[in-house]
1. In the range 1-46, how many residues are among the aromatic types (F, W, Y) and closer than 18 Å to L60 by Cβ?
2. Which numbered condition trips up R24, out of (1) touching a Phe, Trp or Tyr at 6+ places or on another chain (Cβ under 7 Å); (2) charged (D, E, K, R); (3) at pLDDT 85 or above?
Amino acid sequence: MTPALSAACVRAIHVVTADGRVLRAGRASLFILEQIGYQRLARLFSRPSLFWAAELGYWLVANHRPFIGRFLFRHEQPLPSGYRHDGADS
């Protein structure tokens, strides 16, 4: 990963598609939605007349993660003992 890409990834999510396209922010979110089974929603918000709403929604959530996280993840189960956040078990 280049330093420029690393810096860009701090500001927004990025997806590199199988054909090598790099998608970021709202467009990357729509790609992910399509891949996980929300094709209709992704196609709807990919239209030029609604794409601005996908970008706006992405930036609102991205810029207010701690606030939004308090409401969306209130009832999460605690992590098992010995679990490390970096994905490696102790």
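The values are calculated or read from the model by the stated rules, or taken from the named source; none is laboratory data. As the structure is a prediction and not an experimental result, all values here were calculated from the model. FYI the Cβ positions are ideal-geometry reconstructions off the backbone, even for glycines, and counts take in every protein chain you see.
1. Result for the range 1-46: 1.
2. That leaves (1) as the condition not met.
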